[in-house]
Structure formats: C-alpha cells, structure tokens
1. Could you work out how far the C-alpha centroid of the stretch 188-232 sits from that of the stretch 492-509, in angstrom?
2. Starting from the Cα coordinates of the stretch 325-455, work out the convex hull volume and express it per residue in Å³.
3. Report the Stokes-Einstein translational diffusion coefficient (µm² s⁻¹, integer) for the stretch 385-469, Rh taken as the Kirkwood radius over Cα pairs, at 25 °C with viscosity 0.890 mPa s.
4. Go ahead and run the numbers for FRET between Y87 and A198, Cβ-Cβ distance against an R0 of 30 Å, rounding to 0.05.
5. If you filter the stretch 139-242 for chymotrypsin sites (Phe, Trp or Tyr not before Pro), then keep DSSP loop positions with at most 16 other Cβ within 10 Å, what is left?
6. For the stretch 265-405, would you read off the P(r) tail past 28 Å as a percentage of all alpha carbon pairs?
7. Using each residue's phi in the stretch 125-141, evaluate 6.51 cos²θ - 1.76 cosθ + 1.60 at θ = phi - 60° and report the 3J(HN,Hα) Karplus result to the nearest Hz, with x for Gly and Pro.
8. For the pair L205 and R230, how long in nm is the line joining their label points, each one 7 Å along Cα→Cβ?
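The values are calculated or read from the model by the stated rules, or taken from the named source; none is laboratory data. Owing to the predicted nature of the structure, the values given are computational and were not obtained by experimental measurement. Glycine gets a Cβ as well: all are built from the backbone with ideal geometry, and neighbour counts include every protein chain shown. Quick note on the areas: whole protein, heavy atoms, side chains included, nothing else; ligands and nucleic acids left out. Shrake-Rupley method; radii C 1.70, N 1.55, O 1.52, S 1.80 Å.
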Amino acid sequence: MAQDRLDEKITDDDIGKSATAEHAPLPQTQGHSLEETNASGHVQELKRHFSLLSLIGMALTVGNVWPAIGGSIVVALSNGGPPGVIYEFIVVSIFYWFVAASIAELASAIPSSAGVYQWATVTSGPRWGRVVGFFAGYWNWLAWGFGLASFTMILATTMVQMWALKHADFMPLPWHVFVTYVLVTLTGCATVCAFNKAMPMLNRLGLFFILAGFLITIVIVTAMPGKGGRPGHGSSDTVWKTWTAEGFGYPNGVVFVAGMLNGAYAVGTPDVTSAERNVPIAIAFQMGIGFATGLVSLIAIMYAINDLDSLYTAQYPIAEIYRQATGSVDGSIGLLLLVRICIYISVIGLHLTCGRTLWALARDGATPFPRALGRVSPRLGMPLNATLATTALVIVLGAICVGNTTAFNAFVGSYIQMSTSSYLAAILPNLLSGRKNIRKWGPFRMPGLAGLLVNGVACAFMIVWFIIYCFPFTSTPTAQSMNYASLLWGGFTILVALWWLLGAREGYVGPPVADVGVHGDDRRDA
C-alpha cells in the first residue's frame, strides 16, 4: 500500500539513506485512533476551537466586502460610472452564489484544512487527482498570498492617507507606504503566531466591527450631505442612469463585464467544530451579509459623491469621498479609521488562512522542505514555519511595489486568475465526472440535476471571467497600462510544473482521504 511505502521512505530519510524522502508527506494516521483522525484522513493536529459564530466572523473578515470596495473605487467608477459599479456588483454576486454553493458542497463532503487542494484531488479521480490537486493547492496558496498583499497595501495606504489629510505639507512617498506595509505585515503575523487561541474571539470581534462600522458609515454618509451648508447628495440620474466609460476603447458590454468585482472565500477548515455542517452555513452568511453590506455601502457612497471628476485626480479617492460626504477632513479620518480597523482584522485572518494553506500542502510533501513547513509548533499550537514563509512572500511583494507599482499590481491582480484556477480545478472535474468521485456526501448536498446545473453555471462563469480578466485595461495599452496578470499566472504555473517534474513528483502522494474520493495506491498512477 502507498502508506507502507511512505513509512519506508520517511524511515530512510531519518537515517539519511533516501534522496526523495524529504519530499514525502509526514506520517499522518499511524498509531492514532479514529477519533484523532479527521475527515480528510489526517491526524487532527490543530485544536478545534472555531465555533460557528467564530467561523462566520472569519469568513466575513477575510471577505471584508464593504471596507475593501473603497480600495479600488476609481477603477470601478471607470467601468461605467456609478451605475456600472452598482449593477456590476449585483450581477457578479449572483454568479458567485453558484460558485459559493459548489464550494460549500465540497467543504461539507470533505472538511479539511487543505480546502480546494484536497477537493481537487478527490473530484479529479484516481488517475488525475494527484497532479490536479497539486496544481490546485499551489494556485490557491498563491491566490491567498497575493490577496493578503493587496489587503495589506490597502491598509498601509489608508494609514498614510490619514496622516496626509491632517498634514497638508506632507508629501507621501513610496517608502512611507512600504514601511507602513512592513509594520502591518509583521504585526499581523505576530498576532497570528502569538495569539492562536484568541483567533476565534478576534474573529467574533471582527464580525462586530464590520457590522458596526458598516452601520456607522452608512448613517454618516447618508445623513450629513446637504446639512450645515455642505453640498447635497448626488442625483438619482447620476447614480442609476448616467453610464460613463473612461475611454478604454472597448464596447460598453465588455466594459461592464470587465468591471465586475471578485470575491474571496474562507473555506479551509483545520480547527472548526462540526466543519461539514458549519462551513456551508458560514459561506452562506458570508455571501448574504457581504452582498447586503456591499450593495448598500456602494449605493450610499455613490449618493455621497457631489464632485465625481475630483475623484480621478485625488491621491486617495475614498478619503475624498468621505470628505465630500462629511464636509471635513476630521470626518473623513474618522470614517477611514473604521475601514482601517476592519481591514486590519482581515489582514490577520488572511495570515491565518495563508499559513494554514501552505502548511496543508507541506503536510503532504508538496512543498520544498516539507518537514519544516509541515510542522505544527507544539508551544504555539499553529503552523509557525508556514506562516513565517508566507509573511516573507508578502514582504517581498511589498518591496516590489517600491520599485515598480505596475509590477506589484500585476502580482496582486493575478489573484483573480490564481483563485479561479484553483476553484475550477476542484469544481470542473466534479462536473465532468458526473459528480461520481465523491463517495460520501456531507449534510449539504445539491442532488441530481440541481448539482449539475449549479456546478455548470459556476464553471462557465469562471472560465469566461478568467479570459475577460486577461484583457488589457485599455484597447491601446502601454507598458504601464498593460494587464500582466495572465503573464504572472502563466509564469507561476510553469514554475509549479517544473517543481512537479523535477522535485515533487517522485515523493508526493497527495492527501490521504477517509471515506471519500480516491484511496491509497490509485493516486500513484497520475
């Protein structure tokens, strides 16, 4: 059996006799009772301390829809103006419900910290599961890492712009943002490492701040315009009817599609109680609350804008929107503080997710130095080395931004392609196989035609939007305005393929699977 061969390789590695053992998974279940082995077939190394409420809080803080909207508001406005922003958000949210339902079903059947990595291994079947899961895992980790870098940059920029608002003589420079970026990254990593047991409480706190911050922001930006001599709200025609595409050279239909925003899902489940039931519920809350708060926030912000043209020249557009709404710099800073708190909690949640995603890969021998990256710190009770490795990646990405913002934007922009590829790698094989490779479904299942329809719409949506998001930002791109996301996706995919062919393939077996999908030696055929 495959497990016997793994045990032999690891034993050889311990005495220095095997050249390939370093890339073999760590022993998972030998000598442990069934109660100590989770649904994915791994020993449950992380203590299960995430309740349903904590998981919902984590899902919302990682998704963090309404605070994140402001980070790219000008780009969104360029794709149709206020009506484009609102209608694009509604349409893309509808499609993402299909993706979310597909993900929730897989999470219910295979509750594992490996997430899409393990789902792709199972749904792709015995022949292809090993290699498809391998690529899905790396795409997913890179997506989370680039997403973390993006959120960290949004937070660092917000903090610098808050200072700039109160100091008119201050000229923000790239290194100001980078130093803030590094401090945010290090404090977020330190929080995850040092306060692992407090993460559920922090997620519940994040849930409170996201909802409270949303309510406070909505009240202020809707109530203050037009009062005390301040300019009034924007007109309904401007918000709902006036379509403006800023000369990208594409037809309006392409501009509409290209302007659709992307979401993210917190679906790894290493230390969640009753994960097969709670994760689908958390995803439903994330999608529902995220859509409601995002839509209402967008509408309120669009009505608060009384000088649309000034946003395109403002150094910090969301700060300018808040200044227009409140009529004061102090009011803008107060609202930015709410955004800052929410995004910082989101950054902490992303550190948690990224570290566990890399750890899940290393645990099964998919990474270099798997024994180091796949180890859980006995003292801290969390994957310390994997979290530190992810933090190093994020800092390197921030350093790139100092030298070339176009390059940084290309890296973080490829998040869309990376995350889409990882979800496709799990959902598309499930669809093409007639959903037959999952042998034991969880509490949440879409039976028969419903499952095929939902999976089909989700896959069609992701394939089309993967292509659309590779388009240049304008029909006549320059070196600065070119969309390099597809180049980055292709480059990283080639690197992963080389690692598979030259290093990982011989020793990597893939995640063990209990009760679902493929088993044992079958996975060695790929």
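1. 42 Å
2. Value for the stretch 325-455: 234 Å³ per residue.
3. The estimated diffusion coefficient comes to 157 µm²/s.
4. 0.15
5. F170, F195
6. For the stretch 265-405, the fraction of Cα-Cα distances above 28 Å is 43 percent.
7. Using θ = phi - 60°, the values come out as x, x, 6, 10, x, 5, 6, 5, x, 4, 5, 4, x, 5, 4, 5, 5 Hz.
8. The answer from the label model is 3.0 nm.
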